[in-house]
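The values are calculated or read from the model by the stated rules, or taken from the named source; none is laboratory data. Because the structure is a prediction, the values reported are computed rather than measured. Backbone-built Cβ (ideal geometry, glycine too); neighbour counts: all protein chains shown. To get the accessible areas, we keep the full protein, side chains included, count just its heavy atoms, and leave off ligands, DNA and RNA. Shrake-Rupley method; radii C 1.70, N 1.55, O 1.52, S 1.80 Å.
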Amino acid sequence: MPVSKKSAADKLISKFIVIEGLEGAGKSTAVSYITKWLAGQNIATCDTVYTREPGGTALAEKMRDIVKMEITGEKLDDKAELLLMYAARVQLVEHVIKPALMAEKVVVGDRHNYSSLAYQGGGRGIDLGLIDVIKKVALGDFKADLTLYLDIDPELGLTRAKGRGELDRIERQAIDFFDRTRAVFLSLVAKDKNAVTIDASQSPALVEKSIFLALDKWVMSLA
Ligand code: T5A
């Protein structure tokens, strides 16, 4: 009897694809490339759920506001910032991402757990082991099925981000903060067989092509 082969669309059911990278790397832009690629696999926009972190639920969006703004006279402690990222992530995972995956949707996330390791671990210097413990307590083994990391020189990324408008509290950090953040992103991706680095300094057309190639290769590898 012939063994039936799963279609790409079947393989993509309940998959969580995450885009990571520094500011201005082109994550929001990449979402439109992924949407186009999914359409080519017969996954409609209505079968896809899009998220951003921090944010994505009413409460998580309030936490996003807190981490992005400066409050005169009170500095947000680095550990409080870390905990807010995880509080927002728990709200999003439990109220949006897990229900969407249960409903056989594809979830495309603009940032996820690697951002906390990179920014709060690398950038702020909080112990990565401690962050892993918090992650485990907050989310258990929940993780992305595929991470596309858009790698960019921080100066270039910030120049692009500036073109979009005023920089927020985190974006106003010194460049060495972003160098440390990038270093952690690169080391995480190097150790993760379900993560791919995309050169985000390329032209939009070449970034799109690289993302399509990475997605094609990944879907071929799925059972
Ligand atoms: N954070 C987040 C943490 O510290 N810890 C965490 O755990 C989490 C989850 C989120 C902030 O929170 C921090 C990280 C961030 O500082 P945000 O508003 O979501 O803040 O910020 P970003 O995610 O960085 O969003 P940006 O809009 O800055 O960057 P994108 O989405 O990567 O870039 P995009 O697509 O908007 O593009 C920026 C500009 O560049 C152009 C676009 O047209 C746009 O103008 N562009 C290109 N130009 C040339 N060539 C290309 N290939 C281009 N691609 C895009």
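Couple of notes before you dig in:
- The modelled label-to-label distance between Ala39 and Glu166, using points 7 Å beyond Cα along the C-beta direction, is 3.6 nm.
- Where the chain is the region considered: accessible area per residue in Å², 1.4 Å probe: 51
- Region 1-72: C-alpha gyration tensor shape, a/c 1.5 cut-off, then a/b vs b/c: prolate
- For Thr57, nonlocal amide neighbours, meaning residues 5 or more places apart or on other chains whose placed amide H falls under 5 Å from its own, do not occur.
- Rounded to whole numbers, the Karplus 3J(HN,Hα) couplings from phi for region 45-61 are 4, 6, 9, 10, 10, 10, 10, 9, 10, x, x, x, 9, 4, 5, 5, 5 Hz, using 6.51 cos²θ - 1.76 cosθ + 1.60 with θ = phi - 60°, and x at Gly and Pro.
- Region 1-111: relative contact order as a whole-number percent, Cα under 8 Å and 6+ apart: 47
- Of the two radii for the chain, the radius of gyration is 0.97 times the Kirkwood radius, both from the alpha carbons; that is the Rg over Rh value.
- Modelled label positions at Lys5 and Lys75, each set 7 Å beyond Cα in the direction of Cβ, lie 5.8 nm from each other.
- R0 of 25 Å, Cβ-Cβ distance Asp47-Thr159: FRET efficiency to nearest 0.05: 0.10
- Value at 222 nm in deg cm²/dmol, rounded to 500, when DSSP H runs of n ≥ 4 in the chain each add -39,500 (n - 2.57): -15000 deg cm²/dmol
- Global form of region 59-135, assessed from the alpha-carbon gyration tensor, a/c cut-off 1.5: oblate
- When the surface is traced with a 1.4 Å probe over the full set of protein chains, Ser203 keeps roughly 60 Å² accessible.
- C-alpha long axis of helix 204-221 to longest principal axis of the chain, angle in °: 60
- Top positive-direction residue, dipole computed over the chain with Cβ charges, set Leu117, Gln91, Thr159: Gln91
- Based on Cα contacts under 8 Å between residues 6+ apart, region 94-223 shows a relative contact order of 31 percent.
- Charges were assigned to the Cβ only: +1 to each Lys and Arg, -1 to each Asp and Glu. The resulting dipole of region 8-221 about its Cα centre is roughly 300 debye.
- Note, ³J(HN,Hα) from phi for region 12-27, Karplus 6.51, -1.76, 1.60, rounded to Hz, x at Gly and Pro: 8, 4, 6, 9, 10, 9, 10, 10, 10, x, 6, 4, x, 5, x, 5
- Lys, Arg +1 and Asp, Glu -1 on Cβ, resulting dipole of region 64-149 about Cα centre, debye, nearest 20: 120
- Projecting the Cα atoms of Ile198, Leu186, Ile170 onto the dipole axis of the chain, where Lys and Arg carry +1 and Asp and Glu carry -1 at the beta carbon, places Ile198 farthest toward the positive end.
- Amide H contacts of Thr51 (H built 1.01 Å from N, under 5 Å, at least 5 apart or other chain): Val108, Gly109, Asp110
- Its relative contact order, with pairs defined as Cα atoms under 8 Å and 6+ residues apart, puts the chain at 33 percent.
- Listed residues Val18, Gly129, Ala44: farthest to the positive end of the dipole of the chain (Cβ charges): Ala44
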